[in-house]
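This report refers to the structure that appears directly beneath it.
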Amino acid sequence: MTQEQIKEVWARKVALQTALNALADLPENKRARSELKEGIESCNTELVSGTYNPPLVEKI
């Protein structure tokens, strides 16, 4: 992974963690919290393995 890709993954991880923390006290958001945790794990995997795998963006 390039330095730019590493920075992007870290930025994504921080954004996901921030969103997860914002939902921490809201029990009705279990699904959203679960999806955010999956995203954070994906970032961790990318950082450890050195494999860049950006998320798919849905076009509306």
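The values are calculated or read from the model by the stated rules, or taken from the named source; none is laboratory data. Everything numeric here is computed off the predicted structure, so don't read it as measured data. Don't worry about glycine lacking a Cβ; one is built from the backbone with ideal geometry, like all the others, and counts go over all protein chains shown.
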Study note, to complete from the structure: If we ask which residues in segment 16-34 are surrounded by fewer than 14 Cβ atoms within 10 Å (Cβ to Cβ) and within 17 Å of Leu56 (Cβ to Cβ), their number turns out to be 0
Exercise for review: Looking for whichever is modelled with pLDDT under 95 and loosely packed, with under 15 Cβ neighbours inside 10 Å here; the options are Ile60, Ile40. Which one fits?
Suggested key: Ile60
Review point. If you check Lys7 against the conditions, is it surrounded by 11 or more Cβ atoms within 10 Å (Cβ to Cβ), assigned to a helix (DSSP H, G or I) and either of a type in the set (Lys, Arg) or modelled with pLDDT of 90 or more (or both)?
Key: yes
